[in-house]
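The values are calculated or read from the model by the stated rules, or taken from the named source; none is laboratory data. What you are looking at is a predicted structure, and each value in this text was computed from that prediction instead of being measured. Positions of Cβ are backbone-derived with ideal geometry, glycine not excepted, and every protein chain shown enters the neighbour counts. Ligands, DNA and RNA are stripped out before the accessible areas are found, and what is left, the full protein with its side chains, is counted by its heavy atoms. Shrake-Rupley method; radii C 1.70, N 1.55, O 1.52, S 1.80 Å.
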Amino acid sequence: MIGTNILKFNTIDSTNDYIKNHLNQFANGDIVWSLIQTKGRGRFGNSWMSLEGNLYFSVLLKNYKYTNNIFILHMIISVTIIRLLKKYGLDAFIKYPNDIIVNSKKIAGILVETIGYFDNRDIIFGIGLNVNQNDFNTLNNLATSMCIETSKNMILEEVLYDFIKLFNEVSNLNNIREIYLNKSLILGKYIPYLNSRFYVKSIYDNGKILLINEEKELEVALSSISLSDIYNKLDNF
Ligand code: BTN
């Protein structure tokens, strides 16, 4: 269960970092939410622009049962956001592993971080969901928001509570992978890999992708694929 306690800030450096730096103050499922982040972080060391108007929050999962297979958590979070957006009338898709896309533009990003070693590991996952931002300037052809897509402003607190409710529901589903695959943008597509053309046959629970072509079948780990390269070439491949 997440969301029993929510600690809200007006401005903070990064909600993920706040939990990481105050770990002893928080219990399993606690949430830190901030209206603005001054040092919001994205994946691959990128920064996450965090102006007022969108949702920026992080969740602590203590001794999470899937710590040995983080990808299941990626699927749960992605499916939760897909369902949340559906509630607001938006049809969203997943850009592997976990970017959430509406009308070919990114609407949400997910940062999952593990703390500790072996049996004593906690997870902090952070979500940046574009809610009320109506202009992304130079990024307008890459990013979108719920407000741009629906022409309506949302109440951030309501959207956060929707996320919490849906996450708790989705965590108990036993067909998460099936729903995730249904919304995947690369499953069933041809992608460039090792100077060849491969068909994406499946994505496994451990996050590996099954690729096939006329000559071989490959199971590829996330790190060994250049994701941006794939997506840049996907449309005209
Ligand atoms: C991505 O690169 O797509 C992931 C972006 C994750 C951003 C969120 S905003 C709330 C939380 N705090 C952070 O510093 N990052 C995550």
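Quickly run through segment 13-25 and pick out the residues that are within 17 Å of GLY116 (Cβ to Cβ) and either crowded, with 21+ Cβ neighbours inside 10 Å or in contact with a Lys or Arg (Cβ under 8 Å, 6 or more places away or on another chain) (or both).
Within segment 13-25, ASN16, ASP17, ILE19 qualify.
Considering only residues that are outside any helix (DSSP H, G or I) and among the aliphatic types (A, V, I, L, M), look in segment 135-151 and name the one that is least open to solvent (accessible area, probe 1.4 Å).
Looking at residues that are outside any helix (DSSP H, G or I) and among the aliphatic types (A, V, I, L, M), I get ALA143.
Every residue, every condition in (1) open to solvent by 20 Å² or more (accessible area, probe 1.4 Å); (2) part of a loop (DSSP other than H, G, I, E, B), yes or no:
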residue: GLU113; (1), (2): yes, no
residue: TYR117; (1), (2): yes, yes
residue: GLY126; (1), (2): no, no
residue: GLN133; (1), (2): yes, yes
residue: ASN153; (1), (2): yes, yes
residue: GLU157; (1), (2): yes, no
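In segment 29-48, how many are under 30 Å from ILE203 (Cα atoms) and open to solvent by 30 Å² or more (accessible area, probe 1.4 Å)?
Residues flagged as under 30 Å from ILE203 (Cα atoms) and open to solvent by 30 Å² or more (accessible area, probe 1.4 Å) within segment 29-48 amount to 7.
I'd like to verify a number: residues in segment 113-142 that are within 17 Å of the chain's Cα centre (by Cα), more than 9 Å from the ligand (Cβ to nearest atom) and under 28 Å from ASN153 (Cα atoms), how many?
3
Does segment 176-194 contain any residue that is acidic (Asp, Glu), under 20 Å from the mean Cα position of the chain (by Cα) and open to solvent by 70 Å² or more (accessible area, probe 1.4 Å)?
Yes, segment 176-194 contains a residue that is acidic (Asp, Glu), under 20 Å from the mean Cα position of the chain (by Cα) and open to solvent by 70 Å² or more (accessible area, probe 1.4 Å).
Pick from ASN21, ASN10, ASN103, ASN28: which is over 28 Å from THR150 (Cβ atoms) and more than 14 Å from the ligand (Cβ to nearest atom)?
ASN28
Condition first: closer than 25 Å to THR4 by Cβ and without any contact (Cβ under 8 Å) to a residue 60 or more places away in the chain. Now tell me which residues in segment 42-67 satisfy that.
Residues satisfying the conditions are ASN63, TYR64, LYS65, TYR66, THR67.
If we scan segment 61-84, do we find a residue that is among the β-branched types (Val, Ile, Thr), within 12 Å of the ligand (Cβ to nearest atom) and open to solvent by 20 Å² or more (accessible area, probe 1.4 Å)?
no
Would you check which residues across segment 73-91 are free of Cβ contacts under 8 Å to residues at least 40 places away in the same chain and assigned to a helix (DSSP H, G or I) and list them?
To start, the set of residues in segment 73-91 that are free of Cβ contacts under 8 Å to residues at least 40 places away in the same chain comprises 86, 91.
Residue satisfying the conditions is LYS86 alone.
Identify all residues within segment 136-184 that are of a type in the set (Lys, Arg) and farther than 22 Å from LEU51 by Cβ; write none if there are none.
Hits for segment 136-184 are LYS165, ARG177, LYS183.
For the subset of segment 49-60 comprising residues that are among the aliphatic types (A, V, I, L, M) and open to solvent by less than 10 Å² (accessible area, probe 1.4 Å), which member is farthest from CYS147 (Cα to Cα)?
Filtering segment 49-60 for residues that are among the aliphatic types (A, V, I, L, M) and open to solvent by less than 10 Å² (accessible area, probe 1.4 Å), the one farthest from CYS147 (Cα to Cα) comes out as LEU60.
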